[in-house]
Amino acid sequence: MTDNDNIIDIPSLQWYPGHMRKAERLVRENLKLVDVVIELLDARIPLSSANPVLREIVGDKPRVIVLNKADLADEAAMRVWVKCFAAQGITAVPVDAVKGRGVKELVQAIAQCAKPKTDKLVQHGAKARAARCMILGIPNVGKSSLINRLSGGSKTKVENRPGVTRAKQWIRIGTQLELLDMPGILWPKFEDRQTALHLAYTGAINDNVYDVASVVLLLLDTLRTKYPSDLKERYRLEGELSNGAELLAAIGRKRGCLRAGGRIDEEKAQQIVLTDFRSGRLGRVMLDSPPSISLIEDAR
Ligand code: G4P
């Protein structure tokens, strides 16, 4: 197994300061228009998929967290994460944006979160109105899928508003919510090596910006330690699971990834592992350990 830091060198390839500033400016401009922000995290990596400066960008605007791709996440660990967020006063809702699970609960949570603001407007003599919200998250976390889900496929547009450019459209969701039909794209904290690896494993960053061979070996090592029975079951492996390289060879043999002369076709085996992992065929996982709830409570 390599421990070479150069296997991941993402910032220079995918993001650069100008790009980040532009993304941040767009988010800040649109934030002014909404009552609540919906922060999408990948339920398998709630820490690694978070934007490092989101709190500063969002300020004290109410926020609901979506643990998206919940269908791929370890349920018990996800529940602990939900409790951890609750201990910080933040509602987090597990969602499968593709199948729609958790979406009803999410709509309720957003409406609840916006209520103090919308009630206050009415108390000050304004007409009652729906809560306005927008979706924020790193690339590939499922923002477009969630917008489609929330809109039920058929987007009911809300009229243009003064001060809102024509290109921006609002989608009506029931009677309670209006969603900005433009997700805010944020960048992840990729300067941290562990975070960058988690983003690579889950497909949040493009496979052509890192060394796939090394990343797959590290992924196999992680799965061998954390989820050995899922790995054994999927590839019908027996006995002790050794290191990542030996595991990859065993998987290659089981799957018939062979070159002339009987050598293992490692590239083919790597792609099988990545595809199986990302589609949940290696089981539901949690790669970021939840912080201890008691620690959070002590800190309050
Ligand atoms: P983005 O707007 O944040 O960039 O993300 P997008 O909705 O495009 O979703 C990125 C990928 O993640 C898509 O897969 C999408 O289907 C998948 N996805 C989104 N939400 C969920 C979820 O809750 N569960 C699961 N299992 N997958 C989810 P793709 O393979 O890139 O595209 P496609 O083949 O599905 O079209």
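The values are calculated or read from the model by the stated rules, or taken from the named source; none is laboratory data. Computed from a prediction, not measured in an experiment: that's the story for all the values here. We place every Cβ from the backbone using ideal geometry, glycine too, and count neighbours over all the protein chains shown. Side chains included, ligands, DNA and RNA excluded: accessible areas come from the protein's heavy atoms. Shrake-Rupley method; radii C 1.70, N 1.55, O 1.52, S 1.80 Å.
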Residue that is most open to solvent (accessible area, probe 1.4 Å), among those in region 199-232 that are more than 16 Å from the ligand (Cβ to nearest atom) and assigned to a loop (DSSP other than H, G, I, E, B): ASP211
In region 57-91, the residues that are within 19 Å of ASN140 (Cα to Cα), within 15 Å of the ligand (Cβ to nearest atom) and not in a helix (DSSP H, G or I): ILE65, VAL66, LEU67, ASN68, LYS69, ALA73
Condition met for SER242 (touching a Ser or Thr at 6+ places or on another chain (Cβ under 9 Å), within 24 Å of MET286 (Cβ to Cβ), among the polar types (S, T, N, Q) and open to solvent by less than 80 Å² (accessible area, probe 1.4 Å)): no
Qualifying residues in region 134-152 (those that are surrounded by fewer than 17 Cβ atoms within 10 Å (Cβ to Cβ) and hydroxyl-bearing (Ser, Thr, Tyr)) - the one farthest from the ligand (Cβ to nearest atom): SER151
Filtered residues of region 101-133 (kept if within 16 Å of the ligand (Cβ to nearest atom), small (Gly, Ala, Ser) and open to solvent by 20 Å² or more (accessible area, probe 1.4 Å)): none
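Determine whether region 174-194 contains at least one residue that is out of contact with any Cys (no Cβ under 8 Å at 6 or more places or on another chain) and in a helix (DSSP H, G or I). Break it down stepwise before answering.
Step one: list which residues in region 174-194 are out of contact with any Cys (no Cβ under 8 Å at 6 or more places or on another chain), which gives 174-176, 181-194.
Okay, now just the ones that are also in a helix (DSSP H, G or I), so 193-194.
Checked region 174-194: at least one residue is out of contact with any Cys (no Cβ under 8 Å at 6 or more places or on another chain) and in a helix (DSSP H, G or I).
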Which numbered condition PRO139 misses (of (1) within 15 Å of ASP35 (Cβ to Cβ); (2) at pLDDT 80 or above): (1)
Sole residue being within 16 Å of the ligand (Cβ to nearest atom), open to solvent by less than 10 Å² (accessible area, probe 1.4 Å), modelled with pLDDT under 95 and touching a Leu at 6+ places or on another chain (Cβ under 7 Å), chosen from LEU54, LEU41: LEU54
Unique match (being in contact with a helix residue (DSSP H, G or I) (Cβ under 9 Å, 6 or more places away or on another chain) and closer than 21 Å to ALA196 by Cβ) among LEU231, LEU258, LEU247, LEU282: LEU282
